1. Please go through the range 248-264 and pick out each residue that is at pLDDT 85 or above and open to solvent by 90 Å² or more (accessible area, probe 1.4 Å).
2. Quick one: would you say residue 219 is within 16 Å of the ligand (Cβ to nearest atom) and either in a strand (DSSP E or B) or more than 19 Å from residue 127 (Cα to Cα) (or both)?
3. Which pairs turn up if I take residues in the range 26-46 that are in contact (Cβ under 8 Å) with a residue 60 or more places away in the chain and of a type in the set (Asp, Glu) and look for partners that are within 9 Å of the ligand (Cβ to nearest atom) and in a helix (DSSP H, G or I) with beta carbon separation below 9 Å, at least 6 apart in sequence or on another chain?
4. Hey, can you tell me all the residues within the range 58-74 that are touching a residue at least 60 places away in the same chain (Cβ under 8 Å), open to solvent by 10 Å² or more (accessible area, probe 1.4 Å) and not in a helix (DSSP H, G or I)?
5. If you take the residues of the range 126-167 that are within 16 Å of the ligand (Cβ to nearest atom) and hydroxyl-bearing (Ser, Thr, Tyr), which of them is farthest from residue 201 (Cα to Cα)?
6. Of all residues in the range 16-52, count the ones that are more than 16 Å from residue 229 (Cβ to Cβ), of a type in the set (S, T, N, Q) and either within 16 Å of the ligand (Cβ to nearest atom) or assigned to a loop (DSSP other than H, G, I, E, B) (or both).
7. Would you check if residue 146 is part of a loop (DSSP other than H, G, I, E, B) and surrounded by 16 or more Cβ atoms within 10 Å (Cβ to Cβ)?
Amino acid sequence: MKIAIISDIHSNLQALQATIADIRKRKVDKIICLGDIIAKGYHVHECINIIRKECDVILKGNCDRHFSEELKELNLKREEQVYRWKQVNKTLTEDEKIFLSQLPFSHEFYMSGSLIRVFHATPERDNIAIINQDLIEDKYKMFLPSNKTESQNIADIVIYGHIHHQYMDKLYNKTLINSGSVGNSFCLIRNPKKDSDIREIRQASYCLLEGKYEDKEYSEPLSIQLIRVPYNLEKELDVDEYFEKDQFKYEVENGTYRNMEKIKDNFERLGIDIKKF
Ligand SMILES: [Fe+2]
């Protein structure tokens, strides 16, 4: 059985279409989406429709939750945040808002012996960023259950999204995987003197599992692939002006986050100075 894990589409239609085509070519049986279908990119409705049609399991990302909630329920302080919320929220239909707001938080299944748990960001929150440089004990917490997970077992393999940065790590005999982002792929640690070809990061990324589904015995092989798919970025950006176009263009063209200053605390607590990258 082959299961594709996709995440963080962010309304990027060309990236999503190329990813789905690659998944189909590999004769995948199931597709799981880890959320953040919307925000940032232009093709909101098209991406929601494709995800609803193609995916077997769809989880809720922080953007799906945030922009489908009522403004009065949110604690938005800065004017620009309220403006952005209003712009994204008004592009959604009522049906889309209900669909996004009702998505589940997490999902799990066995494959070739391992309990595999998937969620958007962490077992408890959809907007906390665990990065690949994080401390080992913080990474270990990713395998623990919470009141939002389907079971109270400790997972063997965790696959998550949110950070838009694809990687795989091994700790305490467990495997931590970030599937990467389909439509907004970036690498947080960048340095022009050390970076490789920019085209490498400007691709859609996803994860593919192959093994025996719902099998609790370690009797069959398990394969984990991290896949990158080229797509037509120029065509994706050839759209009318909209409020977020410049920032989205900056991120997808450069493969980096729009505001490193805003997330510098994530690095500071690890002793990493982002200005010295
Ligand atoms: Fe995201």
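The values are calculated or read from the model by the stated rules, or taken from the named source; none is laboratory data. None of the values given here were measured: they were computed from a predicted structure. Ideal geometry is used to build each Cβ from the backbone, glycine not excepted, and the neighbour counts take in all protein chains shown. We work out accessible area using only protein heavy atoms, side chains counted, and drop any ligands, DNA or RNA first. Shrake-Rupley method; radii C 1.70, N 1.55, O 1.52, S 1.80 Å.
1. 250
2. No; evaluated as a whole, the condition is false for this residue.
3. 36/62; 36/63
4. 60
5. Only one residue fits best here, namely 160.
6. 0
7. So residue 146 does not fit the description; no.
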